[in-house]
Amino acid sequence: MSLSDSALKVLIVDDNPEDLATYQRFFRKDPNHSYQIYQACSGEEAQALYHSTSLDCLLVDYMLPDTDGLSLLNELKKNDRFAPPIIMLTGQGNEDVVIKAMRAGAADYLSKRLLSVEVLRRAVTNAVEKHRLRSKVREKHLALEKANQELLRKNSEIQSFYHSVSHELKTPLTSALEFVSIVLDGLAGPVSDQQREYLDIAKESCEQMRFCINDLIDSTRIETGKLRISTGQYALSAVVDSAIRALTLKAKDKGIDLISFVQQDVDDVFIDKSRINQVITNLVTNALKFTDAGGHVTVRVNGDPKKPEYIQVSVSDSGKGIEPQKLDRIFDRLYQVDNEVSSSQNGLGLGLYISREIVHLHGGHLGVESTPEMGSTFWFTIPMVEQGEMLENIPRELAS
Ligand SMILES: Nc1ncnc2c1ncn2[C@@H]1O[C@H](COP(=O)(O)OP(=O)(O)OP(=O)(O)O)[C@@H](O)[C@H]1O
Ligand SMILES: [Mg+2]
């Protein structure tokens, strides 16, 4: 709504009849706007009118019979943060009040001595325009806040939905896996080669589903701050070896050369063995997934010469690589680089999201360097000492 659409409702608070008549005259002379003028001769009258009328602007004289303009301003602002703009009218001798009034939230001030039609018009219309703009911004802000709350509510609904679905699926899946294993082991009678082949496929599919379900459960744990690690002192090299052993067949099937270089003299570290195994498995699985047959995947474990208090594990591949502008996003929940490779491969886009959180919980960092069509190196660090111990060594003022 523009200012000229309807009469501006202005309350003038002044007990001097001559001044009141002058303001009235000035407002009438404004050719661009019409005004509906209200008058109050005291703070009390002003308060009553203020509460009963929807005003666009107030002009408040400093000298009032029952109070002063500054106290009235404070009173009105105190009870209504979004009060319409208040312009202070100051006479000679009380200019010092101006600073206080502006600090208390007055929209403007006018010296009674220098008042003219133009000065009054400009002050009132500016103040009303600014106030309306601010109100619009505030309304938008409130609407955005509301929409945000609604999104958060829906998000938590979805989270709890897929958390319960994951748990519901886990039990029948475990039992399916167990029975497939029983049959495969020949406990239910002899198994022909063809039956074994089919059962292997069924088992592999169940395993894949189990990975997905576990990732979904981990993801909701991260969202709700419930992902925990339980550390002990272990040789990282052994954990890497075991993760690689489990993936050797997969690499062979795809025709990828999977090798590891483990620096033997690295000390034991405090880790959650199965969680670190999960991180290494995620990184190597990704490397195998995004590398074509004939490629190489190399896992290295070594101390970091630049940061001797950390040990580093890296997984390099000669695969597709990732474009620089997408590198930041690959650690986001559910993000998958939109190319034919990732969409043709299974997965939810949770592996790196979960891995990064696990590494953070260990006090380390997970990073990546990649060149499209050349390959990628994902690496993570783990502190050599227990996290609690590291904090104990930091001076108290820095740790807090
Ligand atoms: N070694 C890699 N080479 C090329 N792209 C990769 C590599 N590792 C990850 N990416 C990209 O990052 C995305 C996210 O990886 P992430 O491991 O989180 O998910 P995913 O492997 O697609 O699915 P999930 O891990 O849930 O099975 C992948 O979809 C892929 O686009
Ligand atoms: Mg993955």
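Residue pairs exceeding 18 angstrom between C-alpha atoms, taken from K203/K289; K252/K326; K29/K136; K289/K320; K170/K254: K203/K289; K252/K326; K29/K136; K170/K254. Between G232, G91, G351, the Gaussian network model of the chain with springs among Cα atoms under 10 angstrom shows the greatest mean-square fluctuation at G91. Converting phi to 3J(HN,Hα) with the Karplus coefficients 6.51, -1.76 and 1.60 and the offset θ = phi - 60°, segment 289-302 yields 5, 9, 10, 7, 3, x, x, 10, 10, 10, 10, 10, 10, 7 Hz in sequence order, with x at every glycine or proline.
Averaged over all directions, how much area does the convex hull of the C-alpha atoms of the chain cover when projected, in nm²? Each step should come with its number before you reach the end.
Numbers: hull surface 131.8 nm².
So the mean shadow area of the Cα hull is 33.0 nm².
Counted by neighbouring Cβ atoms within 10 Å, the residues C57, C206 run from fewest to most as C206, C57. A helix-only calculation puts the chain at -17000 deg cm²/dmol for mean residue ellipticity at 222 nm, using -39500 (n - 2.57) for each DSSP H run of at least four residues, averaged over all residues.
Axis angle, to the nearest 10 degrees, between helix 193-223 and the longest C-alpha principal axis of the chain: 30 degrees.
Label-to-label distance, I37 versus D66, with points set 7 angstrom from Cα along the beta-carbon direction: 2.3 nm.
Taking amide hydrogens as placed 1.01 Å from N in the peptide plane, the amide H of Y35 sits under 5 Å from those of L8, each at least 5 positions away in sequence or on another chain.
Taken about its Cα centre, the chain carries a charge dipole of roughly 780 debye when the Cβ of each Lys and Arg holds +1 and the Cβ of each Asp and Glu holds -1. Build a GNM of the chain with springs between Cα atoms under 10 Å apart, and of N214, N79, N148 the one that fluctuates most is N79.
Result for the chain in a Gaussian network model with C-alpha springs under 10 Å: among R122, R153, R138, the largest mean-square fluctuation is at R122.
Coordinate-derived values only; no laboratory data. Owing to the predicted nature of the structure, the values given are computational and were not obtained by experimental measurement. A quick note on method: Cβ atoms are made from the backbone with ideal geometry, for glycine too, and the neighbour counts reach across all protein chains shown.
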